[in-house]
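K.L.:
Got a structure here, written out as structure tokens. Questions coming.
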Amino acid sequence: MNETRHLVVFAKAPRMGRVKTRLARDIGGVQAWGFYRHALISLLRRLDDPRWQLVIGIAPDTAVNDSTWPAHLPRFAQGTGDLGQRMQRAFDMRAPGPVVIIGADIPGIRPRHIAAAFRALGDHDAVFGPADDGGYWLVGQRRRPRIRQMFADVRWSGPHALSDTKRNLPGARIAEIDVLSDIDDGADFARWRFNRK
């Protein structure tokens with residue numbers, strides 16, 4: 001059976017004052033918006049790869065038809081609910097094949113990370129890309145023989161997100177790939193800028 005590999009990028013429409021609000025408190029709204037917009041556009045270009053189908057999951061739902069998004073990439077509205085409910089919906093609605101979900105604001109993601117995640121799903125039920133804050137920047141499911149329900153009672157945006165999600169996968173074979181950092185506040189932003197030099 002030849003199954004499609006699905007890479008889903010969860011993205012917010014890059015609207016001033018609506019993205020990276022925690023970061024904006026530290027570095028200002030214009031700079032935070034500029035960072036997010038640049039990170040999103042660069043990520044979509046970098047990860048548009050024939051080895052998988054790149055799909056954008058968009059919030060808010062009303063932005064799904066905005067001209068912001070590359071016309072050639074399929075997209076869907078994330079829908080209602082918390083992050084876990086929206087990610088579970090993305091796992092549930094894709095055609096057969098493994099699904100990997102990432103956020104749009106981790107500038108360190110490269111195609112090699114995505115390829116490693118899909119390789120891991122060859123013989124694991126789930127894969128995570130851990131973040132250095134206890135969360136994760138990537139989550140994936142093989143979805144065979146069944147789609148697992150992964151996100152019950154996860155404490156989001158804190159140091160327990162990864163461990164809580166893993167707790168929902170009893171008996172599953174779980175892989176982890178590289179640890180990457182997201183950019184949530186001014187300190188993260190300063191480290192990222194320093195490391196780019």
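K.L.:
What are the residue pairs meeting all of these: first residue in the stretch 119-130, first residue on the phi < 0 side of the Ramachandran plot and in contact (Cβ under 8 Å) with a residue 40 or more places away in the chain, second residue acidic (D, E) and surrounded by fewer than 19 Cβ atoms within 10 Å (Cβ to Cβ), Cβ atoms under 6 Å, and 6 or more apart or on different chains?
P.N.:
F128/E176; P130/E176
K.L.:
Report those helices (runs of 4 or more DSSP H) wholly inside the stretch 5-117 carrying at least 2 residues which are of a type in the set (A, V, I, L, M, F, W, C) and out of contact with any helix residue (DSSP H, G or I) (no Cβ under 7 Å at 6 or more places or on another chain).
P.N.:
Working: elements: 21-27, 29-47, 83-93.
Result: 29-47, 83-93.
K.L.:
Now for a different question. Criterion first (of a type in the set (V, I, T), within 17 Å of the chain's Cα centre (by Cα) and surrounded by fewer than 18 Cβ atoms within 10 Å (Cβ to Cβ)) does V127 satisfy it?
P.N.:
On the way: of a type in the set (V, I, T): yes; within 17 Å of the chain's Cα centre (by Cα): yes; surrounded by fewer than 18 Cβ atoms within 10 Å (Cβ to Cβ): no.
Considered against the rule, which asks whether it is of a type in the set (V, I, T), within 17 Å of the chain's Cα centre (by Cα) and surrounded by fewer than 18 Cβ atoms within 10 Å (Cβ to Cβ), V127 comes out as no.
Conditions tested, residue by residue: (1) over 28 Å from D188 (Cα atoms); (2) hydrophobic (A, V, I, L, M, F, W, C); (3) surrounded by 17 or more Cβ atoms within 10 Å (Cβ to Cβ).
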residue	(1), (2), (3)
G17	no, no, no
Y36	no, no, yes
L43	no, yes, yes
R46	no, no, no
P50	yes, no, no
I58	no, yes, yes
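K.L.:
I'd like the full set of residues that are farther than 21 Å from L23 by Cα, of a type in the set (K, R) and assigned to a loop (DSSP other than H, G, I, E, B), limited to the stretch 167-197.
P.N.:
R173
K.L.:
When the stretch 145-178 is examined, which residues are found to be surrounded by 14 or more Cβ atoms within 10 Å (Cβ to Cβ), among the hydrophobic types (A, V, I, L, M, F, W, C) and within 17 Å of the chain's Cα centre (by Cα)?
P.N.:
M150, F151, V154, A161, L162, A175, I177
Laboratory data are not the source of any read-out in this text; all were calculated from the coordinates shown. All figures in this text were calculated on a predicted structure; none of them were measured in a lab. Virtual Cβ from ideal backbone geometry, glycine too; neighbours counted across all protein chains shown.
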